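Some notes on the structure that comes next.
The values are calculated or read from the model by the stated rules, or taken from the named source; none is laboratory data. In this text the structure is predicted, and so the values were computed from the model without any measurement. Cβ placement follows ideal geometry from the backbone for every residue including glycine, while neighbour counts extend to all protein chains displayed. Protein only, heavy atoms only, side chains kept; ligands, DNA and RNA dropped before computing areas. Shrake-Rupley method; radii C 1.70, N 1.55, O 1.52, S 1.80 Å.
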Amino acid sequence: MNHHTQVGIIGAGPAGLLLSQLLHQEGIRSVVLENRTRERVESRQRAGLLEQNTVDRLQQAGASDRLDREGLVHDGVILSYNGQRHRIDLAQLTDGSRVTIYAQTEVVKDLIRLRLDADSQQNSTQRSTAQSILFEAEAKRIDGLETPAPTIHYTQNGEKHTLTCDFVAGCDGFHGISRASIPSELTKVYDKVYPYCWLGILAKVPPSTHELIYAYHERGFALHSMRSSEISRLYVQCNVADRLEDWPDERIWSELQIRLGSTGWVLAEGPILEKTITPMRSFVSEPMQHGRLFLAGDSAHIVPPTGAKGLNMAVADTGHLFDALMTWYREGSRADLDTYTEGCMRRVWRVQEFSNFMTELLHHNPERTPFDAHLQASRFNQLITSQAASALVAENYVGLAAKQSAEATT
């Protein structure tokens, strides 16, 4: 089957789905190709902290009904260094900006529901069977990126199909085909792999804290987060060679008790629902565009999860791309599309630096020297004693304002 749309989107993660919804609101047609099933897409556990900018974009997309009702708004965040805690008052230090705890899984569910509901309403009116999201549709290659009508070749149910479009949005993650469709001789890659991993758990127990706790300990990093008022999300630093079987439940809770421990505070334990091990990596590939292909999210960059920026970076890219596409469709101007990479990269590198700072501040690096250890302690002491240092962390944590992002590397 051969069919056409205005914007072909590869990947039904937050970036691809949000772009599709934003375009739909402006009357621009799109088709999202996703190689997994709907059930798989809606069950993947990912980040759960939303910057104010991300909340604003979801509200703009009409995708915030549940978020507004169920999201847990946080005014502060707690950093701990060997049991010594320091609260950073986000709202006070950023003129009222906050973060919201709402799982990426729920964001994806909300966006899928909106897109499929819109399909249903449109099809009932027009007696059509058009679909804006095609699940189990695997993009194989993209042709004609330097022509006015690029073509995505994909398979679904064992059959080959083509989708022609005005533009292609590559939102298919680190392992997708989109980034690989940019000629290698035009691409620059910057990469850093950290010598430790995160072991993350979902536990059926109410959170033991009202705000996130990021903890450095000589035994390794730990984080206490949450998914809801009944589900806790916790992490412990582990070795790169560790396997899940190396971490029985008893060992996980024991390490969390030690690393998060503080006088007068109790960590509640409960049944562990899920365990995962996440490598720690920083990655940037540029340019984020070629011809009529534009990358967004993990297809172009990855950050270590310490700063909670992965989902938020994807949404920021999506916002840039949506605005640029609307300039094209409304005014016929490619000006914003031509500078898409430049506009995104200003924010990407600022966020990379912040994520790297948080990662190196809070982890026990097995390769560090005694000199490095003293520098690490000094950096944490500066946060405790300097309001300016705390304000800088707060500004980055809640998300850069548009003006800050634009000036970050100029």
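A few points about this structure:
- Residue selected from the range 254-310 under the condition of a type in the set (Ser, Thr, Tyr) and farther than 28 Å from residue 395 by Cα, by the criterion modelled with the lowest pLDDT: 263
- From the options 163, 145, residue that is within 22 Å of residue 31 (Cβ to Cβ), in contact (Cβ under 8 Å) with a residue 24 or more places away in the chain and not in a loop (DSSP other than H, G, I, E, B): 163
- Members of the range 350-364 that are farther than 16 Å from residue 79 by Cα and either crowded, with 17+ Cβ neighbours inside 10 Å or basic (Lys, Arg) (or both): 350, 351, 352
- The residues of the range 199-216 that are hydrophobic (A, V, I, L, M, F, W, C) and crowded, with 22+ Cβ neighbours inside 10 Å, listed by number, are 199, 203, 212, 213, 215.
For (1) in a loop (DSSP other than H, G, I, E, B); (2) open to solvent by 10 Å² or more (accessible area, probe 1.4 Å); (3) at pLDDT 95 or above; (4) in contact with a helix residue (DSSP H, G or I) (Cβ under 9 Å, 6 or more places away or on another chain), each residue gets a yes or a no:
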{"residue": "16", "(1), (2), (3), (4)": "no, no, yes, yes"}
{"residue": "19", "(1), (2), (3), (4)": "no, no, yes, yes"}
{"residue": "24", "(1), (2), (3), (4)": "no, yes, yes, yes"}
{"residue": "28", "(1), (2), (3), (4)": "yes, yes, yes, yes"}
{"residue": "35", "(1), (2), (3), (4)": "yes, yes, yes, no"}
{"residue": "42", "(1), (2), (3), (4)": "no, yes, no, yes"}
{"residue": "46", "(1), (2), (3), (4)": "yes, yes, no, yes"}
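- Residue check for residue 85: open to solvent by 20 Å² or more (accessible area, probe 1.4 Å), under 22 Å from the mean Cα position of the chain (by Cα) and either closer than 24 Å to residue 57 by Cα or touching a residue at least 24 places away in the same chain (Cβ under 8 Å) (or both): no
- Verdict on residue 367 being touching a strand residue (DSSP E or B) at 6+ places or on another chain (Cβ under 6 Å), of a type outside the set (Lys, Arg) and open to solvent by 20 Å² or more (accessible area, probe 1.4 Å): yes
- Checked against the criterion of being farther than 20 Å from residue 295 by Cα, in the same structural domain as residue 295 (by the TED database) and either in contact with a Cys (Cβ under 9 Å, 6 or more places away or on another chain) or in contact (Cβ under 8 Å) with a residue 12 or more places away in the chain (or both), the candidates 126, 131 yield just one match: 131.
- Of residues in the range 329-345 being buried (at least 18 other Cβ atoms within 10 Å of the Cβ) and out of contact with any strand residue (DSSP E or B) (no Cβ under 8 Å at 6 or more places or on another chain), the one nearest to residue 189 (Cα to Cα): 344
- Being open to solvent by less than 30 Å² (accessible area, probe 1.4 Å), more than 11 Å from residue 208 (Cα to Cα) and not in a strand (DSSP E or B) holds for only one residue in 251, 259, and it is 259.
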